[in-house]
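Written below as structure tokens is the structure these notes are about.
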Amino acid sequence: MKDFNISLLLDFYGNLLSEKQLLIMENYYQEDLSLSEIGEIAGMTRQGVYDNIRRAGNELKQYENKLGLLAKFMDITASADKIAAVIKPGLVIDDVKYGEISKLLDIIRNKA
């Protein structure tokens, strides 16, 4: 089963991989090609494709462990969703709502 998290990491760090690794990972995670199909495209064995996917996936995880861009993105997205839940069309913002929105915006600013 494919790891959805690797697909997200590929969006953030894919350009840090080698050209061949990026081609393999995009074909596997985004184009949903089989290992055999990717092997034909990349000129390698099915096992070679599998090994490259595993190594590239580990590299992407290492980048995330060091840089944390995906985690920050997920936190910011969650805060933005909370803001969207507070703000409704035609809403008159009272002091309580304004305080909630200000707090969420501060969280976003600190994470960005």
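Structural remarks
- Extension gain from MET74 to ARG54, taking 0.36 nm per residue of separation minus the Cα-Cα distance: 4.8 nm
- Nearest 10 degrees, 0 to 90: helix 69-86 Cα axis against the chain principal axis: 40
- LYS20/LEU67 FRET efficiency (R0 30 Å; Cβ-Cβ; nearest 0.05): 0.85
- Between the Cα long axis of helix 4-13 and the first principal axis of the chain there is an angle of about 90°, rounded to the nearest 10.
- By accessible area, using a 1.4 Å probe on protein heavy atoms only, segment 9-112 has 53% of its surface on carbon and sulfur.
- Point-charge dipole on Cβ atoms (K/R +1, D/E -1) for segment 1-81, about Cα centre, debye to 20: 340
- Remark: relative contact order (segment 1-111) = 24 percent; criterion is Cα-Cα distance under 8 angstrom and separation of 6 or more residues.
- In the assembled protein chains, ASP3 presents an accessible area of approximately 60 Å² (probe radius 1.4 Å).
- Derived scalar couplings between HN and Hα for segment 18-27 equal 5, 4, 5, 4, 4, 4, 5, 5, 5, 5 Hz in order, rounded to whole Hz, by the Karplus curve 6.51 cos²θ - 1.76 cosθ + 1.60 (θ = phi - 60°), x for Gly and Pro.
- Over the chain - Rg/Rh using Cα atoms and the Kirkwood inverse-distance radius: 1.22
- Average accessible surface for the chain: 68 Å² per residue, computed with a 1.4 Å probe over protein heavy atoms with every protein chain in place.
- Principal-axis analysis of the Cα atoms of the chain puts helix 46-67 at an angle of about 30° to the longest axis.
- Full-stretch length increase - ASP106, ILE87 - with 0.36 nm per residue and alpha-carbon distance subtracted: 5.2 nm
- Under 17 Å from LYS66, Cα to Cα: aspartates and glutamates that are on another chain or at least 8 residues apart: ASP11, ASP75
- For the chain, with +1 on Lys and Arg beta carbons and -1 on Asp and Glu, the positive-most of LEU104, GLN62, THR45 along the dipole: LEU104
The values are calculated or read from the model by the stated rules, or taken from the named source; none is laboratory data. Remember, predicted model here, so these are calculated numbers, not experimental data. Neighbour counts are summed over all protein chains in view; Cβ atoms, including those assigned to glycine, are modelled from backbone coordinates with ideal geometry. To get the accessible areas, we keep the full protein, side chains included, count just its heavy atoms, and leave off ligands, DNA and RNA. Shrake-Rupley method; radii C 1.70, N 1.55, O 1.52, S 1.80 Å.
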